[in-house]
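Student: Let me give you the structure first, and then I'll get to my questions.
Quick note: the coordinates plus some simple rules give every number you see, no bench work behind them. Here the structure is a predicted model, which is why all the values come from computation and not from measurement. For neighbour counting, all protein chains shown are included, and Cβ atoms are generated from backbone atoms with ideal geometry for every residue, glycine included.
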Amino acid sequence: MFLAIAEHDGELANWYLGARMAFATPANPEYLVYAAHSVRELMSNLHKIAGVPVKADTGRLNDRFDAMKTKWEKAKRNTTAFTEEEGWHGEIDEHARRGCEAVDDAIAWDAANRVAWKERHLETIRVLDVSGRPLPAWIEKDFVTQWDTLRTYFIRVAHRDPTTREDFEAALDTLERFVLERLRPRTYSDQTTLDALIREAEGRD
């Protein structure tokens, strides 16, 4: 895995090496958190292997949520359509409208951002596939789902969600196989070996 990535990008290979080194030090109580952080960075940047630019993020969900919360609380304080005793009631005034719009904006941003992430996942998977073979859309959709599931798992572990060493190792193994099947598919490795044997034979002639 390290060598396969290092052929394209040394920095990305070091993220993987860092993850493996962290995972190899279970005496550190934070070892899974550190390993997950490195894996998350690796997965988020693997598209760089082919130098394909990816649209920059437009922000973080937490930031959007905080902005929405601020506007929502302000609307509740200033509107006549809300009281602690009665809750929301009556007509929507300008303050309430602004609060509702803030919620709508956050929901719309989240929906658009999720689409953007799925597009990034798909682009990354296509970049990794050295065979260049086009795949049916329904197969690519399954691959994107698997990639997103793995990335979500490592992000949660990086944020200290509880997990086990066994589950982490299984997830990392799945990621390694996923990447290697594309960067170094078996047929590609076999062809490389054949080429080396042919060159050796020709050299003896």
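Student: Cα to Cα, under 18 Å, and not fewer than 8 places away if on the same chain: which lysines meet these conditions relative to residue 141?
Tutor: 118
Student: Using mean Cβ contacts within 10 Å as the protection proxy, how do 130-139, 19-28, 161-170, 174-183 order, highest first?
Tutor: Working: 130-139: 9.6, 19-28: 14.3, 161-170: 12.2, 174-183: 17.0.
So the order, starting with the most tightly packed, is 174-183, 19-28, 161-170, 130-139.
Student: Compute the length gained on full extension between residue 145 and residue 119: take 0.36 nm times their separation in residues and subtract their Cα-Cα distance, giving the result in nm to one decimal.
Tutor: Taking residue 145 through residue 119 to full extension adds about 8.2 nm, to one decimal.
Student: Assuming 0.36 nm per residue, please report the length gained on full extension of the stretch residue 177 to residue 80 beyond their Cα-Cα distance. Each step should come with its number before you reach the end.
Tutor: Working: separation 97, 0.36 × 97 = 34.92 nm, distance 5.87 nm.
My answer for the length gained is 29.1 nm.
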